[in-house]
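The values are calculated or read from the model by the stated rules, or taken from the named source; none is laboratory data. Keep in mind it's a predicted model, so treat the numbers as computed, not measured. Note: ideal-geometry Cβ built from the backbone for every residue, glycine included; neighbour counts use all protein chains shown. Note: areas computed on protein heavy atoms with side chains; ligands, DNA, RNA excluded. Shrake-Rupley method; radii C 1.70, N 1.55, O 1.52, S 1.80 Å.
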Amino acid sequence: MIRNLRILRRMVAAEIAQQSIYRGAWVIFMLANICTPLISLLIWRTALANGAQLPVDERYITTYFVLLGIATMTTSSWMAGFLANDIRLGKLSSWMVRPASLLLGFVANNLSEKFLKVFALIPMLGVVWWIFRDSMNVPPGFGRWALFVVTLVLGAILVFTIDILIAAFAFWMDDVSALVQARVIIGSVLSGAVVPLALMPEWSRGFINYQPYRYTVSFPVEIVAGNLSSTELMTGLAVQIGYVVAVGLLARFVWAAGIRAYSAVGA
Amino acid sequence: MRHLRLWRRFFAQAVVRETHYRAHFLTTLLVGLVQLGLGIVPTLLLFGFTQEVHGWTRAEVIALVGVYQVVTGLMATFIGPNLNRMTSYLTEGELDAVLLRPVSSQFYLTFRWINVAELSNVASGIIVLAFGLVQSGLTPNVGQVLQAVVLVMCGLVLLTAVWSALVYSAFWLQSVGPIGIVYLSVVEAGRYPLTFFPVPVRSFLTFVFPVAFATTYPLQALSGDLGWGSVGLGIGLSVIAVLLIRLVWQRGLRTYASASS
């Protein structure tokens, strides 16, 4: 464990050095990242101003969409396709004789890119926040913000393990790109990245509130934007931790089974 | 004229190429349909809470999404495959080989590659547009349809110019590889009528990033709310945009010093 962490630290440092060559690209990515929620924000504010009867108020909508960019960025994972390729093309073989898991490399890549993206995103977030400062919900005190950070980290772990699970299908299937694409598309709606889950129709509420994707993006943002009661907060946190543990165990099991089934193409 | 003949060759070759990759056609079709469905979700939810927004009904906005799908489908078919690889042409010196050819290099780099499979999105967009028009009870006459078609073409020219300007920045900035993503995320604003945005944003979407000409204006033309004045404005802006982008290209070429050899 300690040794793995030490290796991880080295790998992250190396990745950061490597990735900072593309710092221009990160700025561009983050610009795109902030644009999409901004368009949604303007649309929903117009609807509200035009008299639409939404179940949430203007402050909720504004805070939600302003913070959405940072939530989708910090909890994102883009490795499923790459990991599946490494399995399919046999790159995994060379890692099996190394003193660290192939997955550790992906963790390092994930952390280092996010580290660089934060620097690009925070100034943009600041500008958007400043523009909408009059209708932002800023929870008093430190508690909710701390929970925001904690749930973001848990959300990031959840997305990452879902990606491991999907990529692990490559042990048995030739082409998982359709699965990866399906995950991205389903996730974008169910996680609340397209429309706040609070605006989903009433009949879907029971499903929407307890499906795993809510805990990848929406839940952390709701903690700051919304008026979740402390019971709802605690239940949410428990459900989120439950999902992290359950998906983590499942991913571990499937990965181990996959390694046993692995036939090392190209060795 | 010669360029038109050349372009016909590009197209014929692309069709032949596509027949080799039938699975690609199918996945493009499926992904396009799912994305179209997803794109309508916010609109449907929005109109679950209200009857109309700034004079636009649900059916009209659905028709607008149809126009958006047609426009983005055409861009992804004819323009996207070219502009997406532009930065590698500029930063890796592949431009050299193009400059040597007996053809306008800007024409070649903007129209060489065609992704035929994306035309399926144009088809689904037309279906959605027709559905929206029938639902909203609009019956445009020939003149209005003509206005809409001209406006969509202006929109295509303007969007191509803006996207080109973005990628040509590689002449001066080098590392702008993923700049297409910025274009793709701003163009999303075209899913909604212009009046859904605050006034400063409206000007931005009309004159700086003129997606309004590609979606909102054509639909207004179909519902008869638009005179020929706006069509004239669209044509005028398109001409200016083409002249400007020619100029930017020529300026950029002068700074190009080839990366390889």
As I understand it, the value is the acute angle between the Cα axis of helix B:2-20 and the longest principal axis of the Cα atoms of chain B; what does it come to in degrees, rounded to 10? 80
Region B:113-192: C-alpha gyration tensor shape, a/c 1.5 cut-off, then a/b vs b/c: prolate
Provide the per-residue ³J(HN,Hα) series for region B:228-238, in order, calculated from phi with Karplus coefficients 6.51, -1.76, 1.60 and θ = phi - 60°, each as a whole number of Hz, with x at glycine and proline positions. 6, x, 5, 5, x, 4, x, 5, x, 4, 4
For peptide A:21-30, how many partner chain Cβ atoms fall within 10 Å of a residue's Cβ, on average? 4
If you line up the long axis of helix A:102-131 against the longest principal axis of chain A, both from Cα atoms, how many degrees apart are they, to the nearest 10? 20
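Within chain A, what whole-number % of the accessible surface is contributed by carbon and sulfur, with the 1.4 Å probe and all protein chains included in the calculation?
Numbers: 8760 of 12840 Å².
Roughly 68 percent, rounded to a whole number.
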Counting only the backbone N, which residues of region B:58-76 are under 19 Å from the spot 7 Å out from the Cα of B:V41 toward its beta-carbon? B:62, B:65-66, B:69
Once the whole set of protein chains is in place, how much accessible area is left on B:T19, using a 1.4 Å probe, in Å² to the nearest 10? 80
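Which of rounded, prolate, oblate describes region B:189-261, given a ≥ b ≥ c as roots of the alpha-carbon gyration tensor eigenvalues and a/c under 1.5 marking rounded, otherwise prolate only if a/b is larger than b/c? Write down the numbers at each step before the final one.
On the way: a/c = 3.33, a/b = 2.19, b/c = 1.52.
Prolate shape, in that a/c is at least 1.5 and a/b is the bigger ratio.
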With the cut-off at 1.5 for a/c, could you classify the protein assembly as shown from its C-alpha gyration tensor as rounded, prolate or oblate? oblate
Between region B:1-65 and region B:124-161, what's the alpha-carbon centroid distance in Å? 13
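Go ahead and run the numbers for FRET between B:R2 and B:E94, Cβ-Cβ distance against an R0 of 25 Å, rounding to 0.05.
Values: r = 23 Å, r/R0 = 0.93.
The formula returns an efficiency of 0.60 here.
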Label model pair A:R10, A:Q181: point-to-point distance (7 angstrom along the Cα→beta-carbon line) in nm is 4.0
Taking only C-alpha pairs under 8 Å that are 6+ residues apart, what is the relative contact order of region A:2-261 in percent? 28
Using a 1.4 Å probe and counting only protein heavy atoms, arrange A:M234, A:M136 so the residue with the most accessible area comes first. A:M234, A:M136
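About the Cα centre, and with charges only on the beta carbon of Lys, Arg (+1) and Asp, Glu (-1), how big is the dipole of chain A? Nearest 20 debye, please. Numbers along the way, then the final one.
Details: 19 positive and 12 negative charges, 170 e Å.
I would put it at about 820 debye.
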To the nearest 10 degrees, the tilt of helix A:2-19 (Cα long axis) against the first principal axis of the alpha carbons of chain A is 70
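Multiply the residue gap between B:S105 and B:F131 by 0.36 nm, knock off their C-alpha separation, and tell me the result in nm, one decimal place. Could you put the intermediate results ahead of the total?
Working: separation 26, 0.36 × 26 = 9.36 nm, distance 4.11 nm.
Difference between extended and current length: 5.3 nm.
Ranked from the most accessible area to the least, with a 1.4 Å probe and all protein chains present, what is the order of B:H3, B:H54?
On the way: B:H3 60, B:H54 90 Å².
Ranking B:H3, B:H54 by accessible area, largest first, yields B:H54, B:H3.
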Computed from the beta carbon distance with a Förster radius of 30 Å, FRET efficiency for A:A146 and A:Q53 to the nearest 0.05 stands at 0.30
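Heavy atoms only, 1.4 Å probe, whole protein assembly: order B:R9, B:R2, B:R191, B:R202 by accessible area, highest first. Each step should come with its number before you reach the end.
Numbers: B:R9 175, B:R2 130, B:R191 30, B:R202 70 Å².
Result, largest first: B:R9, B:R2, B:R202, B:R191.
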Residue-normalised value, i.e. accessible area per residue, for the protein assembly as shown at 1.4 Å probe, in Å², stands at 48
